[in-house]
């Protein structure tokens, strides 16, 4: 059973009223290293078209005067009573439980951080996360009762039991927040609801403001990528301030791992009366900032003219092209379309691909890229039609099958997605396609089959090789 199925929050909630502020999930990867120039509409469009963020909602930030309706489940799936309270009251409760000034909490934080010298670094926060994740013991609350541990309470139980702490996911989130705050950091707690698996809670840590002068966000992100051997770091961007928050959920694989999927995520700020503190990379760590701020396109190799030359894409919203052959005019238009697509200008990109197709109607690449642009606009049916046209031209290429599968997955049509990933695997049995097939199988509740696919993914080679 997936870990997040075990991490049931004792409360399932709905927000009455709509908060004005939003946090948008954002994945830092090879193609999208920064988003300081992106508008809110562009960011929202990226979420709707991203395979990695399928099933992850925007985070609403209700005001203190708004009401939250709780449905108590007692840590399991049995129904319980309901209660209603103001956001301000819930914030007050969480602030009491997140107690960074408590001597037991502060001592634990100091012991963890003494092994990692520096002035509030991502290495220190990662040490807290890794210690808690590896040594936490899950224990659900009493039936029908919402019990929130004080941070020192979780630590005291853990000391007696020989572990880091014990409780359910909201207790884990509270302790994570307390330890981060105890070393001078800034945290917040997100309440999440999944209609299939129940409720959940997780903590995020503040990285900094994307538009701030001399911010170290890129260096921090790149340290995480190198340390945890990943090319994707999951964050939230506040649309009003461009503040960046890093996921510290227990259900993730590492700091900045994938988000818990659900129908609603709601922000509850803690200790927000204090000025936010930005995280730093460890001393001496610095990456090439200019390279990190630039979206690079792979230019085509000119040495091959075979129609079977492979086309590669860095991800679903930022295509690049490797070796392929097109007519000269169409080739230039496709290049322009890729640049527009990388900037989130999907409508302009689709128009450029249309012009390329006017010159070369049987251009496989133009049809596939147009499908990606249309998907970025949320026009899923039209995107699927484009992928079908690409497949009709060259059915033995893996990219269009993969892109079609991604689109079905975003639409929640997991069986159709799995069928497409199967076809991609038949053409090119690489790790990414096996992983995507596993995700689709999980969406259908076929955990055993999904596990088998993930095993194949671990054994396979990268699809970009």
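The values are calculated or read from the model by the stated rules, or taken from the named source; none is laboratory data. Every value quoted in this text rests on a predicted model; they were computed, and no experiment measured them. Neighbour counts are summed over all protein chains in view; Cβ atoms, including those assigned to glycine, are modelled from backbone coordinates with ideal geometry.
Here are the numbers for this structure:
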item	result
Residue within the stretch 363-386 that is without any contact (Cβ under 8 Å) to a residue 40 or more places away in the chain and closer than 26 Å to residue 450 by Cα present	yes
Residue in the stretch 423-445 that is outside any helix (DSSP H, G or I), out of contact with any strand residue (DSSP E or B) (no Cβ under 8 Å at 6 or more places or on another chain) and under 22 Å from residue 263 (Cα atoms) present	yes
Count - residues of the stretch 353-389 that are under 30 Å from the mean Cα position of the chain (by Cα) and surrounded by 24 or more Cβ atoms within 10 Å (Cβ to Cβ)	16
Among (1) outside any loop (DSSP other than H, G, I, E, B); (2) at pLDDT 75 or above; (3) surrounded by 19 or more Cβ atoms within 10 Å (Cβ to Cβ), the one test that residue 70 misses	(2)
Every residue from the stretch 411-437 that is surrounded by fewer than 21 Cβ atoms within 10 Å (Cβ to Cβ) and closer than 21 Å to residue 56 by Cα	411, 412, 413, 414, 415, 416, 432, 435
Restricting the stretch 438-453 to residues that are surrounded by 15 or more Cβ atoms within 10 Å (Cβ to Cβ) and touching a residue at least 24 places away in the same chain (Cβ under 8 Å), the residue that is nearest to residue 52 (Cα to Cα)	439
Test set (1) within 21 Å of the chain's Cα centre (by Cα); (2) closer than 26 Å to residue 378 by Cβ - residue 392 fails condition number	(1)
Members of the stretch 106-129 found to be under 25 Å from the mean Cα position of the chain (by Cα), without any contact (Cβ under 8 Å) to a residue 60 or more places away in the chain and within 15 Å of residue 175 (Cβ to Cβ), listed by number	127, 128
Residue within the stretch 27-39 that is part of a loop (DSSP other than H, G, I, E, B), surrounded by fewer than 19 Cβ atoms within 10 Å (Cβ to Cβ), in contact with a strand residue (DSSP E or B) (Cβ under 7 Å, 6 or more places away or on another chain) and modelled with pLDDT under 85 present	no
Only one of 431, 395 that is in contact with a helix residue (DSSP H, G or I) (Cβ under 8 Å, 6 or more places away or on another chain) and without any contact (Cβ under 8 Å) to a residue 60 or more places away in the chain	431
The lone exception for residue 275 - which of (1) surrounded by fewer than 23 Cβ atoms within 10 Å (Cβ to Cβ); (2) without any contact (Cβ under 8 Å) to a residue 60 or more places away in the chain; (3) within 16 Å of the chain's Cα centre (by Cα) it fails	(3)
Selected residue (criterion: farthest from residue 362 (Cα to Cα)) from residues of the stretch 324-347 that are surrounded by 18 or more Cβ atoms within 10 Å (Cβ to Cβ) and at pLDDT below 50	324
Test: residue in the stretch 105-120 that is within 24 Å of residue 59 (Cα to Cα), modelled with pLDDT of 95 or more and surrounded by 20 or more Cβ atoms within 10 Å (Cβ to Cβ)	no
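Residue-wise test of (1) surrounded by fewer than 20 Cβ atoms within 10 Å (Cβ to Cβ); (2) modelled with pLDDT under 95; (3) within 18 Å of residue 264 (Cβ to Cβ); (4) touching a strand residue (DSSP E or B) at 6+ places or on another chain (Cβ under 9 Å).
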| residue | (1), (2), (3), (4) |
| --- | --- |
| 161 | yes, yes, no, yes |
| 193 | no, yes, yes, yes |
| 198 | no, yes, yes, yes |
| 204 | no, no, yes, yes |
| 216 | no, yes, no, yes |
